[in-house]
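Nothing in this text is a laboratory measurement; each read-out follows from the coordinates by a stated rule. None of the values given here were measured: they were computed from a predicted structure. Note that we place each Cβ from the backbone using ideal geometry, even for glycine, and neighbour counts take in every protein chain shown.
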Amino acid sequence: MKRRLYHICYTSHLEVFCRSYKDYCMMFNCIAQAMLKTQSNLLAYSIMSTHVHIICECFSPSDLVKRIRSSYVQMFNYRYCRRGSLGEESFFCDSLEGRRHVTTAISYVVRNPLHHEVCANPYAYPFSSIGQYFKNTLDSFSTGGGDAVGKVRSRSDIIREKNILPGDVSVSSDSGMIRMDDVVDNVMVEGYFGSYRSFMYGLSRNDYGKWEEEQRDDNVAMEPVTIRTIEPFLSDDEVASILKQNHHWLKEKRITDIELCDAIDKTYIPRVGKSGYAQLTTKEVEVIRKQLLQIFQFRISFKQLDRCLRIP
């Protein structure tokens, strides 16, 4: 059986996947360990609060996603005194063939935070693989001793104890996160793009019609990669909003999910003497919701508040 290249996306729209920086690191660790366990090859990823994008070579997407989600949910539930599954049961998966299809998919994935207005500069987003490519030129000017900085071979409290990492895979001493350099196949991605200039062009272009037409030159039996195929869960209005974005003048959302969850978990939950948001009663949730709406007003949406408080 041969590995194939896929774009995979799994979602959790009624309740956020990641509430803190540590959760995002934990999610990446689960992705990395699943890649190693299934002999898969990670090309690109972007971890958002409500969904995760992965581009990888693997034998079985369903087995890969099952491993990631099972490991993550067990640790997430323990951290927040929570029970049960997390997120939608199904996931989206498309095979990728042809150089233009692959590079378009990678571009869409690593600029995903920009599409969702989480950041105006995709390089400012720490939970994607965008900074892993075309680093050789930058590294040649480094005087800090190379990539040994922050590299330590030790256990991490956001890696399941039963999982043993290979000897050539390291963990960051600061975050407890498996080092991206040891997991992301930047060489393969750079080969697809050919140059740093081509990679940067994919990050900034908004000529979506031309981008779609160029992919037809691949002569493969698959439709062009678009916003709609990358994020099939979006409504028509949400897709239209992304396509209309002016990348020359884009502001981040006033309050992100991680900022809102931080306020809930560190300020409001301790006030009611609970250990995690999953322990809140219906009455406590309504009180906190009302207080947050009064404080943040137009800076947060009802949908955002509901998913951060787990209101169905």
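Observations, loosely collected:
- Computed on the Cα atoms alone, the convex hull of the chain gives a volume of 154 cubic angstrom per residue.
- Cα-centred dipole magnitude for segment 257-309, charges only on beta-carbon of K, R (+1) and D, E (-1), debye, nearest 20: 140
- Tensor-based shape of segment 153-312 (alpha-carbon gyration tensor, a/c under 1.5 rounded, otherwise prolate or oblate): oblate
- Shape class for segment 1-130, computed from the alpha carbon gyration tensor (a ≥ b ≥ c): oblate, with a/c not under 1.5 and a/b at or below b/c.
- Looking at segment 159-247, the chymotrypsin sites (Phe, Trp or Tyr not before Pro) that sit in a DSSP loop and have at most 14 other Cβ atoms within 10 Å of their own Cβ are PHE233.
- Per-pair calculated FRET efficiency, R0 = 41 Å: ASN136 and LYS22 via Cβ, rounded to 0.05: 0.85
- Pairs from the table (LYS66/LYS274; LYS244/LYS303; LYS283/LYS303; LYS2/LYS37; LYS37/LYS66; LYS2/LYS210) lying more than 24 angstrom apart at Cα are LYS66/LYS274; LYS2/LYS210.
- Gain on full stretching of the segment that runs from GLN291 to ASN77 - 0.36 nm per residue minus C-alpha separation: 74.5 nm
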